[in-house]
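Read through the structure below, which is laid out as structure tokens, and then see the notes.
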Amino acid sequence: MSGGTTSYTVETVKTSPFDGQKPGTSGLRKAVTVFQQAHYTENFVQAGLWAGLGDKLKGSVLLVGGDGRFFCEEAAHLIIRIAAGNGVSKIVIGKKAILSTPACSHIIRKYKLSGGFLLTASHNPGGPDGDFGIKYNTDNGGPAPEGVTNKIYELTKTIKEYKIVSNLKVDIGQLGTSKFTVGGEPFVVEVIDNTADYVEFMKQIFDFPAIKTFLQTKRVLLNAMNGVTGPYLRKIFVEEMGLPSDSCLNCEILPDFGGKHPDPNLTYAKDLVDIMKAGQHDFAAAFDGDGDRNMILGHRAFFVTPCDSLAVLAANLESIPYFRQNGVKGFARSMPTSEAVDKVAQRLGKDCYQTPTGWKFFGNLMDADKISLCGEESFGTGSTHIREKDGVWAALAWLSVLASTKKTVQDVLLDHWNIYGRNFFTRYDYENVSSEAGEKLIAGLEAFIKNPNSKGTTLTAPTGQKYKVAVADNFEYTDPIDGSVSKNQGIRILFEGGSRLIFRLSGTGSSGATIRVYVEEYVKSDNPSAYEQDAQAALGPLVAIALQVSKLRELTGRDQPTVIT
Ligand code: VG1
Ligand code: CO
């Protein structure tokens, strides 16, 4: 590729702060048009470099990867130019800036890079009218912890200038290394293969020959939803496992994800659910835009809730060579995730941690070797192999369990509930309500939890079921490793007997507010007729109580949620 004899100079560009560059649950997410404003992306990237690297900025080596959505390549070029302007010595980037979020995490760790920028708004829609996002990951391969994201936000509020080499042009469409001289120092850009490192890593973690043998007699479907996982699925499942190419659906990466939500759930992946209902296939999985989420379905679209998926994997980790070699430490789940995994931890005598929503809170626990597996109800499952959740890994983990237990997905779940009982779980999302309605709802619930009479009170569903409040609070987390405290992480109403209601506002939306209502009902293992019923039917009474206690309908004017998972 281009050899650099040309010498480039660094420009200092005057700028002024933009409001609201506060990274949310997972990076900064806004409409593409917001990122396209002059200096907007530049300011955030400059603040990310300062906050993420501090005095290690000069000479650092950074990764850039994205999910292929609209504006990824433009943003990648900007990052390369700003990194060059700040004395970064090398950028490693996927071809055309494409790398899944889990692949980014792996590559940062494998090549011991200083950190990286991940260009994705994950499951949010893309395209010129959709969303874009930027996330900074640190040298452990994980999302920057709150200390760093808060610092980024502070810096964006006072930024006056950024450094850039604006005439630096790099061809990121070809594999290879380009060398430049910037302000007298060498600057290198290495364009790497999109899938090679990740696929090789999966072959070390899993028993590919065993999964391949298992798949010879099964029909499976893998749905990339036109997000970044397409090329990874083709490599692993078609080239390595020998599946027919029509077992991988929507594998072309589209900048607008075909105009759909690249979000693997029963609403946005309904096409897949409908195909599975026909009963021709034994197993299916779907993945989100950046490849860190997964949905698992069995024969006739039997749905595995992400909470149950985490618990089942926790109980079956010995099916996977990686855990047989490394052993199993504890587990962790985000607070709204059901307590199904806690029950597995208890039986196995392992610790189980409860963190706020967002993968960044698992990083310290993994780095300190406290946990081996963690997950979130929002279709996120992952392990210590990287520091992000990992969709394709989760599908391979499930196939490992099926191959070794020789059971169907449904039977794996029935056997699990038979031992541990069942934590029925559902999440109701009310997307794009007004910020005012969202705030009022939380304020009303704050009043409920602060009222000393709430504890011990009995809430009654319209159908007569009664639930006695054991604990009502706003979740606060003290990181057991670094002692940092995160307050106001969600309203919890915990009932006697293990049922729960959680309310929180989304931190990944790009406008207005999204209210999330999490509903969990625990049924003991000695009651098969109860744990085999339909989830939405089982949860009906508690959902009704959730709507009553939060006054959700009155405050939002919404009769139905946008999405039920
Ligand atoms: C949501 C999920 C959360 C997840 C986050 C990022 O956040 O609830 O569990 O970690 O998305 O996932 P929120 O604040 O909107 O509830 V991803 O795949 O969009 O990076
Ligand atoms: Co994602």
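The values are calculated or read from the model by the stated rules, or taken from the named source; none is laboratory data. Everything quoted here is computed from the prediction, not taken from an experiment. Glycine also receives a Cβ, built like all others from the backbone with ideal geometry; neighbour counts cover every protein chain displayed.
The table below lists the values:
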quantity	calculated
Total residues in region 374-420, condition hydroxyl-bearing (Ser, Thr, Tyr), in a helix (DSSP H, G or I) and under 15 Å from Tyr198 (Cα atoms)	0
Output for region 140-176, where each listed residue is assigned to a loop (DSSP other than H, G, I, E, B), touching a strand residue (DSSP E or B) at 6+ places or on another chain (Cβ under 7 Å), among the aliphatic types (A, V, I, L, M) and at pLDDT 95 or above	Val165, Leu168, Val170, Ile172, Leu175
Any hit, region 200-213, residues being crowded, with 18+ Cβ neighbours inside 10 Å and in a loop (DSSP other than H, G, I, E, B)	yes
Single residue of region 272-296 satisfying the filter (free of Cβ contacts under 8 Å to residues at least 60 places away in the same chain and charged (D, E, K, R)) that is farthest from ligand 2 (Cβ to nearest atom)	Lys277
Filter pass, Leu118 being modelled with pLDDT of 95 or more, of a type in the set (A, V, I, L, M, F, W, C) and more than 16 Å from ligand 1 (Cβ to nearest atom)	no
Any chance Ala530 is away from ligand 1 (no atom under 16 Å from the Cβ), farther than 21 Å from Gln489 by Cα, outside any loop (DSSP other than H, G, I, E, B) and at pLDDT below 85	yes
One residue from Gly141, Gly133, Gly127, Gly147 being more than 13 Å from ligand 1 (Cβ to nearest atom) and buried (at least 23 other Cβ atoms within 10 Å of the Cβ)	Gly141
Close pairs from region 297-312: first assigned to a loop (DSSP other than H, G, I, E, B), partner not aliphatic (A, V, I, L, M), Cβ under 6 Å, at least 6 apart	Phe302/Gln410; Thr305/Phe425
Among the candidates Leu49, Leu57, Leu62, residue that is among the hydrophobic types (A, V, I, L, M, F, W, C) and touching a residue at least 40 places away in the same chain (Cβ under 8 Å)	Leu62
Residue check for Val328: away from ligand 1 (no atom under 14 Å from the Cβ) and not in a helix (DSSP H, G or I)	yes
Those residues of region 533-556 which are touching a residue at least 40 places away in the same chain (Cβ under 8 Å) and surrounded by fewer than 13 Cβ atoms within 10 Å (Cβ to Cβ), in sequence order	Gln536
